[in-house]
Structure formats: structure tokens, C-alpha cells
């Protein structure tokens, strides 16, 4: 076969994929806008055409059409016989008023939008720091962040309490525990367990509200703690660290795991739930995104692989180190036990 024949039978190389990636911010914008104007809720309530959605949302029919075409193109809406319906995950998680509604989470990254547009400048920056440039949380910042992430966090906390048998365990320390979702879920599932959420003062103030609202303030505390510097409680037999992994460097995560090991009671277990990449460091997309996001903050954080985290646990002295799938394609749960 000559070169001309080979070329005519191979799949042509085009610019389409590169163009789609270059304009992918439009997909994010369409999703966020749909949440902000309540489009998915309107569709769930029966608005199935451009005209019906326009009336329900009090927007121009042309804007309804433009937005809905894009939402169909990215798989968030489905169309049949001239009418639209929400995709299954959209119907479950993006219809206001339904249990598990995560609309606030969809838009909570929006304040970083402009900085992502300057990613090239951040990549050229050689002056990186442990916490970067965007870690000074006020109580207002903490409340906005955790109001957006709490519903997802509580779902993850419930999943943890279903996966992990905490029978006979006495006290949990949740390192960087945020809203306290994991401790709240554990306290509800195991009436005898106590817990402490360790986080910065502004976050603790917000966590105490969530804890009180869930009726577990008698067994769950929020204690101010900069886990990169401050000591940990020494009366806990469970340590949890969830969704903080990409925020920090390899050295910092290794140090925190070592501190947790040394503070745990003999026989205590640590569970790190994190956005881990595969060992080849080629994905998945979610962990890769969260690692790159740290460039926008000029921090030393990055995406850690599962083998990285296993190494941190073993170096800290943990035994029975193992990896468990937590949320496929998103989160792994790495565990270890302090020897008795």
C-alpha cells in the first residue's frame, strides 16, 4: 500500500477536539447559568419546550433555545419528540427542593473563574508557598464555601459510615473537617461515638452551626487547629482526613499522616479520603483538575497518586495499609492501622 492509499483509509486528524477543549469553558458557563436561572427545576416541573422554559423563567425565548441546545450538546438535557427532559444525574442532583440538591456546589468555584483565565501567568510563577495566596478565610468565606459543599460532604460522610464499621470505636478526629459532615454522619449512625472537627477558627464557627442543627452537639465538637502546625488530640482511635489531599505538597501530607499516626491510640485507624490520581499520573479528570487548581492559588499542592499515599502511610508506621474505592473516578479511601 502506498502512502496516498494509507492516508485515505486512516482516520483523519482534525482540529475539532482541540477546538472543543479550547472552548470548554462554555460548558461550565452553561451549567452554572442553568443552575442560577433554575432551568433544570423548570424542566423537572414540566417545561419541555423553548417557549415553556422561557415563560417559566421569564427569559427571552431565544436565550432559552441557545442555552438548551448547549445543554443537550453536553448531555445535561435530553430531547425526544420535540420535548426536553433532564439527564438522570441532573434530575437527581440539580432540581431545587429535592434531597441531595447540589446547585450551590456547582457555582461555588465561580470566584476562581478569572484566575483560571490567568493560568499561564500562575504556571510561570516560581514563588510558591505551602498555603498559596487564597487561604485566608473569614467566617463569611467559610460559610459560603461550606453552605455550598455541605450536602455533598454529608452524602460522603454517610457513605463512609456505611463502608467502615465503627462499632466499638470511641472518638474520631476529623483533620481539616470543614462543616463536620463526616463526624455528624458518624455520630448519627453510631450513638456511642464522640468526635472532634479540627479546622481553622472561622471554619469551626460554621461547623458548630451544622453540628447543632443536626442535634449532635453533645458528642461532636469543633476545635481550632492548624493541622500543619498544631498538635492533635491523643485520645482518639479513628482519624479521618477527607478532600484536603490536593491542597498540600507531598512533604506536608506525609507529615500530617505521621502526626496522626503518633497521636492515635494503639489499634487506631486512619482513613484518608482523597482525590488520588492513578499511579501513571494520567488521570482521572477530577483529581487532575484539583491538582492543577492549586497552581491558580500559587500553592505547593498537587494531585497525589494512590501509590504516593500508600508510601506516606507506610513511612509513618501504619500497618495493614490498603486502598478502597470510595467514589469511582473521584475519591479513594486509603487506610492504615497503628500497631497495638
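A compact table of results
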item: Residue exposure sequence - 90, 11, 323, 220 - by fewest surrounding Cβ within 10 Å; result: 11, 323, 90, 220
item: Compactness of the chain as Cα Rg over 2.2 N^0.38 Å, two decimals; result: 1.14
item: Tilt relative to the chain, helix 139-163 - C-alpha long axis, 0 to 90 degrees, to 10; result: 80 degrees
item: Using a Förster distance of 25 Å, the FRET efficiency for residue 51-residue 29 (Cβ separation, nearest 0.05); result: 0.60
item: Taking 270, 252 and counting other C-beta atoms within 10 Å, the order from fewest to most; result: 252, 270
item: Calculated FRET value between residue 14 and residue 223, using beta carbons and R₀ = 45 Å, to 0.05; result: 0.20
item: Listed residues 41, 23, 228, most fluctuating in the chain (Gaussian network, C-alpha, under 10 Å); result: 23
item: Helix 285-296 vs. the chain, principal-axis angle (Cα, 0 to 90°, nearest 10); result: 80 degrees
item: Förster-model FRET efficiency, 25 Å R0, residue 340 and residue 163, C-beta, rounded to 0.05; result: 0.60
item: In nm, spacing of pseudo-spin labels at residue 112 and residue 278 (7 Å Cα→C-beta vector); result: 2.3 nm
item: Cα-projected label distance for residue 319 with residue 58, points at 7 Å along beta-carbon direction, nm; result: 6.6 nm
item: Within a Gaussian network of the chain (alpha carbon springs, distance under 10 Å), most fluctuating of 171, 66, 143; result: 66
item: Simple label model, 7 Å out from Cα along Cβ direction - residue 66 to residue 129, nm; result: 4.1 nm
item: Relative contact order (percent, whole number), segment 87-193, Cα cutoff 8 Å, 6+ residue spacing; result: 24 percent
item: Among 61, 309, 35: highest mean-square fluctuation, GNM of the chain, C-alpha pairs under 10 Å; result: 61
item: The chain: relative contact order as a whole-number percent, Cα under 8 Å and 6+ apart; result: 12 percent
item: The chain: angle of helix 250-263 to the longest principal axis, Cα-based, in degrees nearest 10; result: 40 degrees
item: Contact order relative to length of segment 3-106, as percent, for alpha carbon pairs under 8 angstrom and 6 or more apart; result: 24 percent
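Coordinate-derived values only; no laboratory data. Everything numeric here is computed off the predicted structure, so don't read it as measured data. Cβ atoms come from the backbone with ideal geometry, glycine included; neighbour counts cover every protein chain shown.
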